[in-house]
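Encoded as structure tokens, the structure appears first; notes follow it.
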Amino acid sequence: MRIPPAAGKRRAELKSDKLDIAEPGESRVLFVVMDKKKLKAAVLGLKEGGVLLECAAESPYFDITAVAEKESEIAEQTTKQYQCEWFDDYRQLVMSGKVDCILVAAGLYSCEQHIRLAMEKGIHIFKLSPPGRNFSQAAELFRYADEKKVTYAVSAQSRYIESLTALSESIKEEAIQKFKLITADCSYGGSGRPVWHNDPELAGGGVLLRDCYEIVDFFVGTFGLPEQVYCLATNNAEDKQKRGALTEDTISVMMKYTDDLCGNLVARKIEGTNEGVRIINCYGKEKTLVLSGDVLQISDDNGEAKKKKKFSTGTELLLAGTLDNFALSIFEPQENKLICSANEHLKNMAVIEAAYLSSRTGMPEEPKRILEYSG
């Protein structure tokens with residue numbers, strides 16, 4: 001995992017054509033603000049896309065031209081606030097010819113065909129993670145975008161979480177081969193989620209796919225593709241039949257990288273709260289790294305803390321970074337590559353797919369085979 005440029009950082013300071021935004025002690029990074037270049041953007045799905053819309057509206061790279069939402073009350077409020085056009089039909093929005101890109105917050109079950117139609121018309125797509133309900137769908141959307149020569153970008157917010165990127169860099173500085181066990185213990189609030197998240201057919205998966213994507217990206221970006229994945233998944237439904245009709249709210253994913261290195265991800269969704277907890281422990285020969293929330297602590301082999309640092313990155317800033325990276329990759333593709341490529345996203349999805357397959361077969365599965373199957 002590489003630390004990305006600070007696209008979207010300190011947007012309030014973007015007042016001139018060129019701005020040096022480096023912090024004291026950091027390398028200087030120059031960003032070009034293209035006042036005359038803005039993408040005419042539409043947001044598809046307002047119920048799940050409130051923060052996405054806010055971040056795009058505050059960006060110097062987007063002009064919110066339209067929104068697409070079937071519920072009239074929220075759509076009317078939004079169009080008044082942002083002075084944009086409202087479409088209650090996704091297809092009409094795509095066919096209108098009024099946008100350069102579509103920012104997708106709606107579930108793919110409701111809009112996949114419209115995304116494909118948009119790609120045919122040369123419209124770029126930005127989607128909140130995950131990139132698909134399953135590996136096959138994600139691979140096909142990336143392939144289709146490449147065929148139509150448009151960008152299909154997926155939010156890679158983990159690349160902008162300073163604590164995660166600092167942990168990844170610390171592991172690499174120590175040398176990955178010095179670490180033996182990596183564990184991630186995560187809980188996520190379940191309040192306010194759309195009902196379709198509970199439907200395996202519509203959502204594709206539960207807490208692993210919908211909540212742990214950034215943690216999977218951390219594992220894959222730091223350690224590469226695991227050789228084998230073994231998974232146990234369940235939910236709080238009363239009986240086996242009901243459990244099979246709902247996405248998982250509890251999961252344990254064990255990842256074998258080598259005979260000397262393994263990882264374990266345990267995650268749960270907790271109803272009745274919006275709060276979440278993330279603790280990552282990295283056990284090495286000489287040091288132990290612990291990331292608890294946004295606090296990174298490095299201890300020696302005796303457990304004595306040697307270094308501690310607190311990070312702070314808000315949700316809006318994380319999304320702002322990925323949105324700006326998307327826009328810059330369109331304006332200046334040679335100088336600004338997507339911070340997370342299609343290939344990297346597909347590796348993440350291969351691990352998730354292997355985990356779900358393992359939960360059904362009861363056997364370890366190999367993500368590499370899933371990638372090879374996709375060609």
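The values are calculated or read from the model by the stated rules, or taken from the named source; none is laboratory data. Because the structure is a prediction, the values reported are computed rather than measured. Counting neighbours? That spans all protein chains shown, and the Cβs are built from the backbone with ideal geometry, glycine included.
Brief remarks on what is shown
- If only residues of region 218-243 that are assigned to a helix (DSSP H, G or I) and in contact (Cβ under 8 Å) with a residue 12 or more places away in the chain are counted, the one that is surrounded by the most Cβ atoms within 10 Å (Cβ to Cβ) is PHE218.
- Within region 329-348, tally of residues that are of a type outside the set (Ser, Thr, Tyr), closer than 25 Å to ASN134 by Cα and surrounded by 11 or more Cβ atoms within 10 Å (Cβ to Cβ): 10
- Spans of helices (runs of 4 or more DSSP H) in region 270-375 with at least 2 residues closer than 30 Å to TYR61 by Cα and modelled with pLDDT under 95: 315-331
- Only residues that are surrounded by fewer than 13 Cβ atoms within 10 Å (Cβ to Cβ) and in contact with a strand residue (DSSP E or B) (Cβ under 9 Å, 6 or more places away or on another chain) were counted across region 301-314, and they come to 7.
- The listed residue being among the hydrophobic types (A, V, I, L, M, F, W, C) and farther than 30 Å from LYS178 by Cα, out of ALA355, ALA320: ALA320
- Being touching a Phe, Trp or Tyr at 6+ places or on another chain (Cβ under 6 Å), outside the structural domain of PHE223 (by TED's automatic domain parsing) and surrounded by 13 or more Cβ atoms within 10 Å (Cβ to Cβ) is true of PHE326.
- Checked against the criteria, ALA153 counts as surrounded by 23 or more Cβ atoms within 10 Å (Cβ to Cβ), over 19 Å from TYR356 (Cα atoms), touching a residue at least 60 places away in the same chain (Cβ under 8 Å) and of a type in the set (Gly, Ala, Ser).
- Candidates are the residues of region 263-283 that are surrounded by fewer than 20 Cβ atoms within 10 Å (Cβ to Cβ) and hydrophobic (A, V, I, L, M, F, W, C); the one that is farthest from the chain's Cα centre (by Cα) is ILE270.
- Top-ranked residue of region 158-215 - restricted to ones that are charged (D, E, K, R) and under 14 Å from the mean Cα position of the chain (by Cα), ranked as surrounded by the most Cβ atoms within 10 Å (Cβ to Cβ): ARG159
- Count of residues meeting criterion [of a type outside the set (Val, Ile, Thr) and part of a strand (DSSP E or B)] in region 48-69: 4
- The set of residues in region 183-217 that are at pLDDT 95 or above, touching a Gly at 6+ places or on another chain (Cβ under 9 Å) and part of a loop (DSSP other than H, G, I, E, B) contains only GLY204.
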